[in-house]
Amino acid sequence: MNRIGKVFICPDKFKGGLSSDKVASAIREGLERYFPSPVEILTVEMADGGDGSAALFQKLSGAQKIELSACGPLGDNVETSYMFCDNPSALSSGPAAFIECARICGMEMVPKGLRNPLKTTTFGLGQLVLDAVSRGAETVCVGLGGSATNDCGTGMLQGMGFRLGLPAGVKATGGTLSQIVSIEEMDDEGLKQKLSRTRFIIINDVDNPLLGPLGATYVYSGQKGASREAMDRMEKDMEGLLGRMGNSFLSKASAGEDALCPGAGAAGGLGFAFRHFLGADSVSGFDFFGEKLQGLSSKIAEADIVITGEGSVDSQSLMGKVVGGCCSCLSKCPDVSGKRIWLVCGKSSLDVEEVAERCGTSNVGIYQLSDIEPDINIRIKNEFPLLVRLAYSAAKELDTTL
């Protein structure tokens, strides 16, 4: 075992199961049961912009929780919160805020029987953005995962004071897109100046454009409660809305160009709205929580074994997500051929050759919980002990090959 000095564990969450930190803890426990104490094991927690992202931001930055009342996805006021950091950080030399979309217009906030993107709004998200800017945030970060909406971000813009031409008291939803006369900047010159000086960063792990068969509506709105008829209506209305937007916004591109950008379709079109109207930069969860806030490249460069994974590993896992981010960092290490990478997951459709090609080392191990427990329902209920067992087996197998 003297050839293994440092192990780095950086998994994504297991969707529907354990969080990233719990997965990492289980793997660590399994390794520690076999590896001798001289082996250094480092774990990190990751997030993708969805549920749990704000809490991780708070943990990494020392931010304080700001609690307030704002408009929820169904149009009524709800109690919510976001994170605000006064101290200089890797993100900003001045104050920064982190808003989790799922905490103000999230799917879990809407009872299953009421889920319908024709009726849900992102209005409250705009209110939170304004609150953060009013407190002096120079950088506003927004995690886009888990929304219940498909309003192309018009509710958010309305909540910030943009003029949509809707009747008084009507909040923008996926069902009001055709009623929007135009989208014009707010009258408040002071606010416009503040927004122009604010840096917006959206954290987003999808690359869908706004429109088309791979866009926001047809890929995601079904799981938010939309019927096929509703999808067709919203797609048509979004397309029409693009022609009713002016060019006096912070993006240098046209609405049509921004609609084609990867990630424009995130969170029912919020990706597009942030980019086009607020000039936002878009980063993956790995780049934001891994590189910007935790400097993972240097940690991976020092490791003998890099362990990553998620619940279901497939070709998409290699594209911008945590698994892909770890592979990319590993491929840039000058001594990559001597390093090992393990993928720990519920089930994988990848083979070792695909992973080896992506990360630049042939020392690849893929360890699946399905090999221990084929029944997914039993597996999900027992993920932690099964991961401990799987990690122990992987360590034992490695010991016999050294």
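What follows is calculated from the coordinates using simple rules that are stated; it is not laboratory data. For clarity, every value in this text was computed on a predicted model and none was experimentally measured. Virtual Cβ from ideal backbone geometry, glycine too; neighbours counted across all protein chains shown.
Take each uninterrupted DSSP H stretch in the chain, measure its Cα extent along the helix axis, and return the ones at 24 Å or beyond whose mean Kyte-Doolittle hydropathy is at least 1.6.
Values: long enough: 383-401 (27 Å, 0.19).
None clear 24 Å together with a mean of 1.6.
Which net charge results for the neighbourhood of residue 136, defined as the other residues with beta-carbon distances under 10 angstrom from its beta-carbon, given Lys and Arg at +1 and Asp and Glu at -1? Spell out each step's value before the answer.
Working: positive: 135, 194; negative: 86, 138.
Local charge sum for residue 136: 0.
Can you pull out the trypsin sites (Lys or Arg not before Pro) in the range 16-63 whose DSSP state is coil and whose Cβ has at most 13 other Cβ atoms within 10 Å? Walk me through the intermediate numbers first.
Values: sites: 22, 28, 33, 59; in loops: 33.
Listed in order of number, the matching sites are 33.
Can you give me the C-alpha center-to-center distance between the range 317-374 and the range 133-200, rounded to a whole angstrom?
Using only Cα atoms, the two centres lie 40 Å from each other.
Taking the Kirkwood radius as the inverse of the mean 1/r across Cα pairs, report the Rg/Rh of the range 53-283.
Numbers: Rg = 16.1 Å, Rh = 17.2 Å.
That ratio equals 0.94.
Check the chain for me: any Cys whose beta-carbon has no other cysteine beta-carbon within less than 4.7 Å?
Within the chain, the cysteines lacking a partner Cβ under 4.7 Å are 10, 71, 85, 101, 105, 141, 152, 261, 326, 329, 333, 345.
Could you put 163, 3, 233 in order, starting from the residue whose Cβ has the fewest other Cβ atoms within 10 Å?
Numbers: 163 15, 3 8, 233 18.
So the residues, fewest neighbours to most, are 3, 163, 233.
Based on the Cα atoms of the range 1-65, what semi-axes does the equivalent ellipsoid have, where each is the square root of 5 times one gyration tensor eigenvalue, given in whole Å with the largest first? Please report the intermediate quantities before stating the final value.
Working: eigenvalues 147, 39, 14 Å².
Taking √(5λ) for each eigenvalue gives 27, 14, 8 Å, largest first.
At q = 0.17 Å⁻¹, what is the log10 ratio I(q)/I(0) for the range 25-175, with the Debye formula run over Cα points and no solvent?
Ignoring solvent entirely, the Cα scatterers give -0.92.
Under Stokes-Einstein, with the Kirkwood radius over Cα pairs standing in for Rh, what whole-number D in µm²/s applies to the chain at 20 °C and 1.002 mPa s?
Result for D is 97 µm²/s.
What's the percent breakdown of Cα-Cα distances in the range 118-249 across 5 Å bins, shortest bin first?
2, 10, 19, 22, 21, 16, 7, 3, 0
Where does the charge balance sit around residue 234 when Lys and Arg score +1, Asp and Glu -1, over other residues with C-beta under 12 Å from its C-beta? Working shown, then result.
Values: positive: 119, 224, 228, 233, 236; negative: 151, 229, 232, 235, 237, 239.
Combined, the nearby Lys, Arg, Asp and Glu give -1.
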